[in-house]
Amino acid sequence: MAQGLPDEMLMNSALIKKLAEEAKDSAVTQGVLMRLQETPNSSEVVSFAPFTLFPTPVPKAVFSQALAVQTHYNTLVDKISQDADFLQEALASTIAVDDFTARLFKIHQQILKEGRSQVRQLDCSRHGQEIMMIIMIMCCD
């Protein structure tokens, strides 16, 4: 039996197929998509970004390490997002070839130019917290 999943569930091909279709539908609605290498500037044809149907258990020590760096990682991401010069330099080559990123960066620049109208800010980042929560639930000793 796979960690936490009954064998009869894993052997039920109809159930697995249904779950896979539902996962794909969810991926579409959540934007878990990527452009194809053949047409990098087209949103007409896309593919799913890689994802797994079931979470993969990890050793508790590895989970604890990930948890220990999460606050530092979030702080790093926040500081990067606030550094306009760094973002300009880091994204320059992407902006040159990717229309979507270029449009997002143009919005970012316009907001900087006009000045922020909000005094406070709430960041809701998605850097795998959902995955970490699943791993925590499935974590083995």
**Report entry** Members of segment 93-112 found to be of a type in the set (Gly, Ala, Ser) and either open to solvent by 60 Å² or more (accessible area, probe 1.4 Å) or over 22 Å from Ser43 (Cβ atoms) (or both), listed by number
**Finding:** Ser93, Ala96
Query raised in the report: List the pairs whose first member sits in segment 12-26 and is in the same structural domain as Pro50 (by the TED database), whose second member is exposed (fewer than 11 other Cβ atoms within 10 Å of the Cβ) and of a type in the set (A, V, I, L, M, F, W, C), and whose Cβ atoms are under 7 Å apart, counting only residues at least 6 apart or on separate chains?
Result: Leu19/Leu53; Ala20/Leu53; Ala23/Leu53
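Listed residues Lys18, Lys79, Lys60; which is among the charged types (D, E, K, R) and under 19 Å from the mean Cα position of the chain (by Cα)? Working first, answer last.
Details: Lys18 fails: under 19 Å from the mean Cα position of the chain (by Cα); Lys60 fails: under 19 Å from the mean Cα position of the chain (by Cα).
When all the criteria are applied, what remains is Lys79.
Among the candidates Ser93, Ser64, Ser43, Ser47, which residue alone is in a loop (DSSP other than H, G, I, E, B) and small (Gly, Ala, Ser)? Steps first, answer last, please.
Working: Ser93 fails: in a loop (DSSP other than H, G, I, E, B); Ser64 fails: in a loop (DSSP other than H, G, I, E, B); Ser47 fails: in a loop (DSSP other than H, G, I, E, B).
After applying the criteria, what remains is Ser43.
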Query raised in the report: Taking Cys139, is it at pLDDT below 85 and open to solvent by 100 Å² or more (accessible area, probe 1.4 Å)?
Result: no
Report summary line: Looking across segment 1-40 at residues that are β-branched (Val, Ile, Thr) and part of a helix (DSSP H, G or I), the single one that is surrounded by the fewest Cβ atoms within 10 Å (Cβ to Cβ) is Thr29
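The values are calculated or read from the model by the stated rules, or taken from the named source; none is laboratory data. All figures in this text were calculated on a predicted structure; none of them were measured in a lab. Glycine also receives a Cβ, built like all others from the backbone with ideal geometry; neighbour counts cover every protein chain displayed. Side chains included, ligands, DNA and RNA excluded: accessible areas come from the protein's heavy atoms. Shrake-Rupley method; radii C 1.70, N 1.55, O 1.52, S 1.80 Å.
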